[in-house]
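Q: First, the structure itself, so that you have it in front of you.
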Ligand code: SF4
């Protein structure tokens with residue numbers, strides 16, 4: 001796989017070095033078991049696959065190139081480039097301004113931009129509507145388009161399916177930049193509807209089986225379907241694609257469930273006419289990170305620390321998986337480790353940062369799972385590791 005030019009301060013001797021070693025030892029990724037960094041009294045379990053993915057490194061390379069190539073110009077990013085505060089703050093420090101916030105609220109109107117300005121499209125991609133405005137205004141966005149190729153793959157697949165009469169079910173978070181972009185591209189060629197999870201997919205299933213009326217469907221999926229979507233006509237042939245950072249297993253469960261509904265309705269022999277096989281659109285990094293996290297769950301550990309931006313979808317899924325087995329803390333950096341007693345961490349169910357005392361087990365050796373989301377630099381993970389080593393020395 002291609003290597004990218006990313007600033008040195010995002011790398012880490014310990015973490016990047018460990019990843020490199022694992023890749024050299026196992027280039028075909030046959031072994032998903034974690035590595036153990038043994039510091040005597042503390043053992044860190046580091047997953048086989050985590051942190052910056054292809055799409056994030058690609059976006060970082062292009063964004064820093066845009067800054068380097070355009071001294072003195074105003075540089076705008078359509079939204080946060082990736083969901084990581086360290087990276088976004090570094091870009092802001094270099095003068096980059098964000099046009100939208102994560103929730104899609106406009107901070108700067110596109111009317112303010114001129115052809116002299118530089119505009120960067122984030123890794124999540126953007127909507128067709130925004131692309132049109134950028135083209136009309138003759139802005140430079142296409143030159144600095146960091147849209148991840150794995151996201152584009154989803155758009156292309158949705159388009160191909162749409163042209164052959166399939167409708168698209170997007171498994172994603174309605175407000176997430178990537179889902180909004182995928183929805184915008186998909187609806188050009190295919191009737192499209194967004195489902196958040198298996199529960200919502202079941203509502204689609206019940207609609208297909210005739211147990212939910214058209215009126216009820218529109219009430220349930222208000223603002224989540226393309227214009228002119230007709231559940232009686234458009235749920236006859238479907239394909240499931242996802243926001244690439246959703247839990248891959250959940251996307252598969254949704255596809256499997258909808259396949260079972262189609263079999264019930266139309267019989268097994270015609271199934272390919274009614275549901276497309278879209279497994280190949282799942283992002284490799286999400287798959288590998290989640291598989292490596294599942295391998296962590298087979299280990300013995302005292303706590304798990306998951307590092308990443310609080311608005312990072314893929315990080316929250318890693319947290320969800322770790323929580324099934326371990327006391328888990330979702331932190332954004334080493335700054336959350338206030339002392340050997342106190343940790344500040346994110347409660348993603350209630351969307352707030354909270355404090356927990358006595359988070360660090362007073363035992364020897366203590367085993368700590370340390371991992372991060374796909375948008376978190378290795379250097380931040382190393383800073384967390386070093387801070388834990390320091391706090392442990394002074395508190396245990
Ligand atoms: S998680 Fe996958 S789709 Fe998302 S940026 Fe990374 S490689 Fe691309």
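Read-outs throughout are calculated quantities, based only on the coordinates presented, and are distinct from any laboratory measurement. What you see is a predicted model; the values in this text were computed from it and never measured. Methodologically, a virtual Cβ is constructed for each residue, glycine included, from the backbone with ideal geometry; neighbour enumeration extends over all protein chains shown.
Q: Expressed as a whole number of Å, what is the distance separating the alpha-carbon centroids of region 290-338 and region 124-167?
A: Going from one Cα centre to the other spans 32 Å.
Q: Determine the shape class of region 150-280: with a ≥ b ≥ c the square roots of the Cα gyration tensor eigenvalues, call it rounded for a/c under 1.5, and otherwise prolate if a/b is greater than b/c, oblate otherwise. Don't skip to the answer; put the middle values down first.
A: Numbers: a/c = 1.36, a/b = 1.18, b/c = 1.15.
It is rounded, given that a/c, with a ≥ b ≥ c, falls under 1.5.
Q: Please label the shape of the chain as rounded, prolate or oblate, based on the square roots a ≥ b ≥ c of the eigenvalues of the alpha-carbon gyration tensor (a/c under 1.5 means rounded; beyond that, a/b larger than b/c means prolate, else oblate).
A: Details: a/c = 1.98, a/b = 1.31, b/c = 1.52.
Cα axes put the chain in the oblate bin.
Q: Quick check: the angle from helix 177-189's long axis to the longest principal axis of the chain, C-alpha only, nearest 10 degrees?
A: With rounding to tens, the tilt is 20 degrees.
Q: Another question, then. Please report the antiparallel percentage of DSSP beta bridges with both residues in the chain, rounded to the nearest 5. Intermediate results must be reported in sequence, preceding the final value.
A: Numbers: 13 of 43 bridges.
So the antiparallel bridges amount to about 30 percent of the total.
Q: Continuing with this model, one more query. Tell me what the chain gives for mean residue ellipticity at 222 nm when only DSSP H runs of n ≥ 4 count, each as -39,500 (n - 2.57), the sum divided by the residue total, rounded to 500 deg cm²/dmol. Provide the component values of the computation, followed by the final result.
A: Working: 14 runs with 162 residues, N = 396.
Calculated from helices alone, the mean residue ellipticity at 222 nm is -12500 deg cm²/dmol.
Q: Given R₀ = 22 Å, FRET efficiency for residue 338-residue 14 by Cβ-Cβ distance, to 0.05?
A: Working: r = 23 Å, r/R0 = 1.03.
Plugging the Cβ-Cβ distance into 1/(1 + (r/R0)^6) gives 0.45.
Q: Still on this structure, I have one more. Measure nothing but the geometry: give the 0 to 90° angle between the long axis through the Cα atoms of 313-323 and the longest principal axis through the Cα atoms of the chain, rounded to 10°.
A: Tilt relative to the chain: about 60 degrees.
Q: Using alpha-carbon pairs under 8 Å, 6+ residues apart, how would you state the relative contact order of the chain in percent?
A: 19
Q: I'd like the orientation of helix 378-395 relative to the chain: the angle between its Cα long axis and the longest Cα principal axis, in ° from 0 to 90, rounded to 10.
A: Tilt relative to the chain: about 40 degrees.
Q: Extending each Cα 7 Å along its Cβ direction at residue 116 and residue 219, get the distance between those two points in nm, one decimal.
A: Placing both labels 7 Å along Cα→Cβ, they lie 5.5 nm apart.
Q: What ranking, highest mean first, results for peptides 75-86, 273-284 when packing means the other Cβ atoms within 10 Å averaged over each residue?
A: Details: 75-86: 24.0, 273-284: 17.7.
Descending packing order for the listed peptides: 75-86, 273-284.
Q: Convex hull volume of the Cα atoms in region 54-142, per residue, in Å³? Write out the running numbers ahead of the final one.
A: Details: hull volume 8.3 nm³, N = 89.
Each residue corresponds to 93 Å³ of Cα convex hull volume.
Q: Arranged from highest to lowest average of other beta-carbon atoms within 10 Å per residue, in what order do the peptides 334-342, 369-377, 356-364 appear?
A: On the way: 334-342: 16.0, 369-377: 28.0, 356-364: 13.7.
Top of the packing list down: 369-377, 334-342, 356-364.
Q: Measure out, as a whole number of angstrom, how far apart the alpha-carbon centroids of region 1-80 and region 191-265 sit.
A: 36
Q: How would you order 91-104, 38-51 from highest to lowest mean count of nearby Cβ atoms within 10 Å?
A: Working: 91-104: 15.3, 38-51: 20.0.
Taking the mean over residues of other Cβ atoms within 10 Å, the ranking is 38-51, 91-104.
Q: In addition: For residue 70 and residue 21, what does the FRET efficiency come to when R0 = 30 Å and r is the distance between their Cβ atoms, rounded to the nearest 0.05? Don't skip to the answer; put the middle values down first.
A: Details: r = 37 Å, r/R0 = 1.25.
The calculated FRET efficiency here is 0.20.
Q: Right, something else. With labels modelled as points extended 7 Å from the Cα through the Cβ direction, what inter-label distance (nm, one decimal) is found for residue 4 paired with residue 36?
A: According to this spin-label approximation, the distance is 3.4 nm.
Q: Now a separate question. Can you give me the distance in nm between label points at residue 160 and residue 350, each placed 7 Å from the Cα along the Cα-to-Cβ direction?
A: According to this spin-label approximation, the distance is 4.7 nm.
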